[in-house]
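Asker: Have a look at this one.
The values are calculated or read from the model by the stated rules, or taken from the named source; none is laboratory data. Since the structure is predicted, the reported quantities are computational estimates derived from the model, not experimental observations. Cβ: placed from backbone, ideal geometry, glycine included. Neighbour counts: every protein chain shown. Please note that ligands, DNA and RNA were not included when accessible areas were found on the heavy atoms of the full protein model with its side chains. Shrake-Rupley method; radii C 1.70, N 1.55, O 1.52, S 1.80 Å.
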Amino acid sequence: MHRLIVALLASVDAVIAAAVGLAVTLAPLTLLWVFGFGGGADWGVLWPSAVSVWQLGNLVPLTITLPPDYLAATGIDAGAASFVLSLAPLAFAGFTAIFAARSGARASHADAWLTGVLTSSAVFALVTTGAALTGANDVARAETWQAILVPTLVFALPALVAAVVTEWSEAGSGAIARLRDRVEAVPHGWGEVPALVARGTAVVVVGLVGVGAAVAAVALFARAGQIVALFQAGDVDPIGATVITLAQLAYVPTLAVWGMSFVAGPGFAVGTGTAVSPAGTQVGVIPGLPALGAVPESTTSWLLLLALLPIALGALAGWIARSRLLHAHGSFRERSPHPLHAALARRAEPPGAWAQLQPAPAAGAASSRFDAGKTAALSGLLSGAPSEEPGADAHLDAHVDAPEDPIGARLVVTAGIALLSGGAAALLAWAASGSLGPGRLAEFGPDAGPVALAVGLEVLLGAAILLLSPRSAGGGNSAAHDSTSAAAGVDPATADDGPHPEPPEAAAFAAVAAFTARRSGAVPAEDAEERHPSTPARGSRSTPLPDAGGGVAPEATTEPIELPRSAPPGARDGSD
């Protein structure tokens, strides 16, 4: 797609992202102006109010200054006339981030991710600047640089991350694709580390937010009676109840982050000197907001078991990372087929397949007889039954198919998932905390430091259980290794004390090598037979063999085959 078209589409995305957020705040205020004030008030004051709400939702702190007339009418102390409002309704920031990520991914699919991200971020910054300059008011004032920079970062960073991730995972050309190819070409599993860390972190963060939302929903349903009582104590009319309900819906993602912090252990605060956590609750008098009715008055020590959920998420991320790491690293059979495995694979092919793989026979009866004899010999040797010895194939797999064990890469993946998960949890906790008013209302939400530490340690424990668990030399657990050794006729107690018995396939290929040497005249037939006396018996099973013309001779068996002895050099056709 042309870069100009990509830039135009990215600009439209940025305008829509800002316009929808402003419209969501402006529409309820317009309804309140129509039905509450009957259209008598100045509609122009609604735009600054909508801009202030939108800025607060995009993490811009507001300085609230109540006018003297309002203080006199309500009897509020003059010391509480000015305070900072910074507890953000994260529904606005979440919508902006999701829409920005969608725009960045679309720009990457159009092969112009840098153009799309830069254009959309610049247009969003212009819209934000216009809103900040036209929506300034004396009641809710924001610093101009914060009103421009913070919402722009809320849009630009998710767009950039989504574009880079899409380029890394899907692009076939470009700077990021070349970097990905170079990184993935690093041996011993190190090339998979960045993608696995990112995937594991995404699993943990999404899981933590989901668990937090579930805990918040359970608390809301369990204390629905208290929430309704707070609604009734407010004594508001239907329009006021509607406005309060819409405002609390905007804070639902914030409550989900509070639930995540509660599950992790540190909990959150609902005022200065308060704490709500599984270990204990100390709240005192809290504001009469209906949503805060979901805060429990007391907790039980059984809720400490909720900390197992982040550990389980870390284990899930570790399992996904380890399975993909080993799958990408591959077994020795998948990366470089061993001749023995090739023989075992050919053993299962139809008898006619050997004839199809042979070159066309040369003219002459001697050449035809030799090709037929060679085909019969190879078929007889390779179509034998090495699996007649119990566990022979399993024994071969245990010693040939053992994938390398990239312990260093797994250590880095474990630490990376824990660190990034803790950092993401700290960022969410910071965004979901702030001030809701003066005095005791100045501290709401979780503390980013303890949340990051708790989540990091819990995820580290869970990921380490799966990623750093030891593996036996055979590529599986020790029990499976013992059973494999026993099936192969090896005592598990002494399996590693001496050389392992030679698998039957090795003897078969030794016979093939002897036959080839005799055919070329390099080794006398008698010496070859003495060097390889342990050719395994073929058993009584008969196997159809291809004839000289490429067909199948049903009456041919593997037992009566006698390998042809080669004539001296120069006497093959009876002439010089």
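Asker: Considering the alpha-carbon set of segment 21-174 alone, what are its Rg and its Dmax in angstrom?
Answerer: Cα radius of gyration and Dmax of segment 21-174 are 19.1, 67 Å respectively.
Asker: So how much accessible area does Ile320 have, in Å² to the nearest 10, using a 1.4 Å probe?
Answerer: Answer for Ile320: close to 40 Å² accessible.
Asker: For Leu153 and Leu66, what is the calculated FRET efficiency with R₀ set at 35 Å and r taken between the beta-carbons, to the nearest 0.05? Spell out each step's value before the answer.
Answerer: Values: r = 30 Å, r/R0 = 0.85.
Approximately 0.70, to the nearest 0.05.
Asker: Here's a follow-up. Keeping all protein chains in the complex and leaving out DNA, RNA and ligands, what accessible area do you get for Asp138 with a 1.4 Å probe, in Å² to the nearest 10?
Answerer: My reading of the accessible area for Asp138 is about 140 Å².
Asker: Using 15 Å as the cut-off for backbone N distance, which residues of segment 63-84 belong to the label zone defined by a point 7 Å from the Cα of Leu133 along Cα→Cβ?
Answerer: Of the residues in segment 63-84, none has backbone N under 15 Å from the label point off Leu133.
Asker: Take the solvent-accessible surface of the protein heavy atoms, probe 1.4 Å, and return the percent of it on segment 29-140 that carbon and sulfur atoms account for.
Answerer: Values: 3740 of 5300 Å².
Answer for segment 29-140: carbon and sulfur cover 71 percent of the accessible area.
Asker: Applying a 10 Å radius around every beta-carbon, put 91-103, 224-236 in order of their mean neighbour count, most first.
Answerer: Working: 91-103: 21.3, 224-236: 13.2.
Top of the packing list down: 91-103, 224-236.
Asker: Using only the Cα atoms, what convex hull volume per residue in Å³ does segment 205-334 have?
Answerer: Cα convex hull per residue, to the nearest whole number: 133 Å³.
Asker: Along Cα→Cβ, 7 Å out, is where each label goes; now give me the distance between the ones at Ala122 and Asp235 in nm to one decimal.
Answerer: 5.7
Asker: Quick check: net charge around Ala321, other residues with Cβ under 14 Å of its Cβ, Lys/Arg +1 and Asp/Glu -1?
Answerer: Values: positive: Arg199, Arg322, Arg324, Arg410; negative: Glu192.
Here the charged neighbours net out to +3.
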